[in-house]
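Working notes, structure below.
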Amino acid sequence: VREAPIGVFDSGVGGLTVLKALAAELPQEHFVYLGDTARLPYGTKSPETVARYALQAAEALCEYGVKCLVIACNTASSVGLPAIRVHIHSVPIIGVIEPGAEAACATSKTGHIAVIATEGTVRGGAYQEAILRLRGRARVVAQPTQLFVALAEEGLHEGPIADSIARHYLDPLFRASPGQASSGGPGASREPTSFPDTLVLGCTHFPMLAGAIRAAVGPDIQIVDSAATTAKYVRETLERESLTRLESPAPHDAKGRTRFLVTDSIERFARIGSRFLERPISPEEVELVDL
Ligand code: DGL
């Protein structure tokens, strides 16, 4: 079992930001990554549909004999994880919401936390609930920032378009409007406007837009994403369950291998995915599957 791969699932290419963190944390492990590219985006679909797709994908990955399942998609974790946990008991299942919430709670000094995510993740409320479970007095604001997904996939994650869309979404969360900022006159007796001190990137695509997001929120806001914390969770889970791949005596075998599966368009996945993974993916490494 220790030699078995870790299954990683996402609606498409976004989960590759999580895979990158997993491979950095667990370089000796093998991975099977499944991107449900035929049915993305999940972020705008109903919870019922996402839960059904996510369960099918998780079951398909189990067919590859995985020893652990990582739901590397915030939308699928947010609305699909309960259904997956009801149906699959054979392997540990790890989503990205809990780790993201933990990272946010550990980082925030004031407990005032902003979450940006897809429409589906925000509507499902899983981040808000997970943060409040860990830190009951936290104040959470959540904002859908759906266009960030398209910007990241189009390669428009830097430059004036990304900057202006980032300001459009983030200014209302992090900057006082002229009326709010006034410190005299009729507004003087009001509570001073407080802003979140921490921003959670609650979508796999958003680390790609880190520069534009940072420029919009300014230097003082802590920005967290779930990739690194999820990777740490996975390592701890494997250690606890005695599932970690043992060091191979053969040097050529010391590093884990990754297999990519997609439900549509190998070429597009390889092209866009290379940017997300920050290493070239050749179409020969990618296999078309049907769920
Ligand atoms: N992977 C999705 C997420 O993290 C974003 C892309 C989509 O909407 O399918 O929510």
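We did not get these values from a lab; they are worked out from the coordinates using the rules stated. None of the values given here were measured: they were computed from a predicted structure. Every residue, glycine as well, gets a Cβ built from its backbone with ideal geometry; the counts of neighbours run over all protein chains shown.
Rounded to two decimals, the Cα-based Rg/Rh of the range 36-168, with Kirkwood Rh, is 1.00.
Qualifying GluC sites (Glu not before Pro) in the range 69-162, where qualification requires a DSSP coil assignment and no more than 10 other C-beta atoms within 10 Å, are lacking entirely. Take the Cα of residue 56, step 7 Å toward its Cβ, do the same at residue 28, and the gap between the two points is 3.8 nm.
Calculated from the alpha-carbon coordinates, the range 20-97 shows an Rg and a Dmax of 12.3, 37 Å respectively.
Length gained on full extension, residue 278 to residue 175, computed as 0.36 nm times the residue gap minus the Cα-Cα distance: 33.8 nm. Between the range 77-129 and the range 262-283, what is the separation of their alpha carbon centroids in Å? Value for the Cα centre distance between the two parts: 26 Å. Relative contact order for the chain: 27 percent, from Cα pairs under 8 Å spaced at least 6 residues apart, divided by residue count. On the basis of the beta-carbon distance and an R0 of 25 Å, residue 267 and residue 195 show a calculated FRET efficiency of 0.05. Close Lys pairs in the chain, defined as Cα atoms under 18 Å apart and 8 or more places apart or on different chains, number 4.
Using +1 on the beta carbon of Lys and Arg, -1 on that of Asp and Glu, and nothing else charged, what's the dipole of the chain about the Cα centre, debye to 20?
Working: 28 positive and 33 negative charges, 156 e Å.
Here the size comes out at about 740 debye.
Could you give the length gained by full extension between residue 48 and residue 85, i.e. 0.36 nm per residue of separation minus their alpha carbon distance, to one decimal place? Each step should come with its number before you reach the end.
Values: separation 37, 0.36 × 37 = 13.32 nm, distance 1.52 nm.
So the chain would gain 11.8 nm between residue 48 and residue 85.
Under the rule a/c < 1.5 gives rounded, and otherwise a/b versus b/c splits prolate from oblate, where does the range 73-126 land using the Cα gyration tensor? Don't skip to the end; give the middle numbers.
On the way: a/c = 3.42, a/b = 1.67, b/c = 2.04.
Note, shape of the range 73-126 comes out oblate.
Residue ranges 206-217, 65-76 sort as 65-76, 206-217 when ordered by packing (mean number of other C-beta atoms within 10 Å per residue, highest first).
Indicate the gyration tensor shape class of the chain (rounded, prolate or oblate), computed on the Cα atoms with a ≥ b ≥ c the square roots of the eigenvalues: a/c under 1.5 is rounded; otherwise a/b larger than b/c is prolate and the rest oblate. Prolate. Computed packing ranks the peptides 45-51, 90-96, 139-145 as 90-96, 139-145, 45-51, most packed first, by mean other Cβ atoms within 10 Å.
Simple rule: put +1 on each Lys or Arg Cβ and -1 on each Asp or Glu Cβ in the chain, find the dipole, and look at 93, 136, 121; the Cα lying farthest toward the positive end is 136.
Given their separation in residues at 0.36 nm each and the Cα-Cα distance between them, residue 236 and residue 63 gain 59.9 nm when the chain is fully extended. Calculated mean residue ellipticity, 222 nm, the chain: -13000 deg cm²/dmol, from DSSP H runs (n ≥ 4) at -39500 (n - 2.57) each, averaged per residue and rounded to 500.
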